[in-house]
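The values are calculated or read from the model by the stated rules, or taken from the named source; none is laboratory data. Because the structure is predicted, anything quoted here is derived from the model rather than measured. Positions of Cβ are generated from backbone atoms using ideal geometry, with glycine treated the same way; all protein chains shown enter the neighbour counts. Just the protein is used for accessible areas: all its heavy atoms, side chains included, with ligands, DNA and RNA removed. Shrake-Rupley method; radii C 1.70, N 1.55, O 1.52, S 1.80 Å.
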Amino acid sequence: MDFTPDETQEAVAEVATALLARELEPDALWAAFAEADLLTLALPERLGGEGLSVTDVGSLLVEVGRAAAPIPALATLGFGVLPIVALGTDAQQDELLTGVSAGRVFTAALGEPGQQFPAQPSTTAHQSGDWYRVSGTVLAVPFAASAHRILVPTDAGVVLVDPTAAGVALTPTPSASGSPEFAVTMDEAVGELLGAGEEAVQTLYRIATASIGAVADGLVSGAVDLTAAHVGSREQFGKPLATFQAVSQQIADAYVTSRTLHVAALSASWRVSEGLDAQSDLDVMAYWIAQEVPATMQVLHHLHGGLGVDVTYPLHRYYSTAKDLARLLGGASQRLDLVGARCSSI
């Protein structure tokens, strides 16, 4: 399969890169993304969108990751808009997605106490008339307080929950990057069913994981580029740091990690976009992110010396965001178990 970006993906990346280069504050950057119609790319054409795929939207998320931009692009597009397009009825899409052009935020609850991406969610939902009553606790929900709806996996399927609804309590929880995260407790909270059954939950998980992969792909690539520029210009004993063998070997290892992740993320995203069985690709990619990306960020920190932890220098954003993504995926041990279980079933 040829994964060379097509004209649409190149155009999306170019517009995003230009906006990110302006180094706007997060709220202003998000507004600029909305004004440039970058948030509506996946919307159906009847709603003013382009009907783009997971892979196409991934080209935008890669650039967000490459700049380590602290905006709700992953939560809104990867955890919200794309799953709503995949699972929602026309009426639901019309109601929910019309506000995206103005910067409406979405998110999803991908973790419960003790497990991320639970195959059988312990959060319950039972029908009550035209609505569903949702009860349970979910963790590490990004941008939950500012979200229009939270997509919540339950034993009945994926349910849309309003974070301001009665019976919903949000508790801020820490993240490495400082991006807002919340534990969300629901007690008979009223929600709307987006997609019924286990397959709907798995569809949400597949799209969300592929989107995390796109951000991680850009994140590592951006950090490697930043470090390469640093060691190429910083001198010691009258020579650039990049000319020292140990430094060149370490930056080369980081580059290999970056390129491996790039191929894994593209392969997984393409299979999700094409409706193919993508689970093995997603499992391998997620393990690579959880196991190798944080370790690579540590190496890049080391190559920067003390500058790497300077809050006025961007590297700390890459490192902390990588830690958040690895945690969001469940960590290396959980991901390795999933890879092993899938291999043993073949």
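Yes or no: residue 6 of a type in the set (D, E, K, R) and open to solvent by 40 Å² or more (accessible area, probe 1.4 Å)? The answer is yes for residue 6.
Residue 159 fulfils the conditions (1) of a type outside the set (Phe, Trp, Tyr); (2) open to solvent by less than 20 Å² (accessible area, probe 1.4 Å); (3) touching a residue at least 40 places away in the same chain (Cβ under 8 Å); (4) touching a Gly at 6+ places or on another chain (Cβ under 7 Å) except for a single criterion, (3). Looking across 110, 139, one residue alone is open to solvent by less than 20 Å² (accessible area, probe 1.4 Å) and in contact with a strand residue (DSSP E or B) (Cβ under 9 Å, 6 or more places away or on another chain). It is 110. If the condition is being assigned to a loop (DSSP other than H, G, I, E, B), at pLDDT 95 or above and surrounded by fewer than 19 Cβ atoms within 10 Å (Cβ to Cβ), then the stretch 123-136 contributes no residue at all. Criterion applied to 183, 176 was being of a type outside the set (Val, Ile, Thr), more than 15 Å from residue 110 (Cα to Cα) and surrounded by fewer than 22 Cβ atoms within 10 Å (Cβ to Cβ), and the one residue passing it is 176. Counting only helices (runs of 4 or more DSSP H) wholly contained in the stretch 5-77, the ones carrying 3 or more residues that are over 22 Å from residue 207 (Cα atoms) occupy 7-20, 26-35.
Can you tell me which residue among 16, 68 is on the phi > 0 side of the Ramachandran plot and within 18 Å of the chain's Cα centre (by Cα)? The match here is 68.
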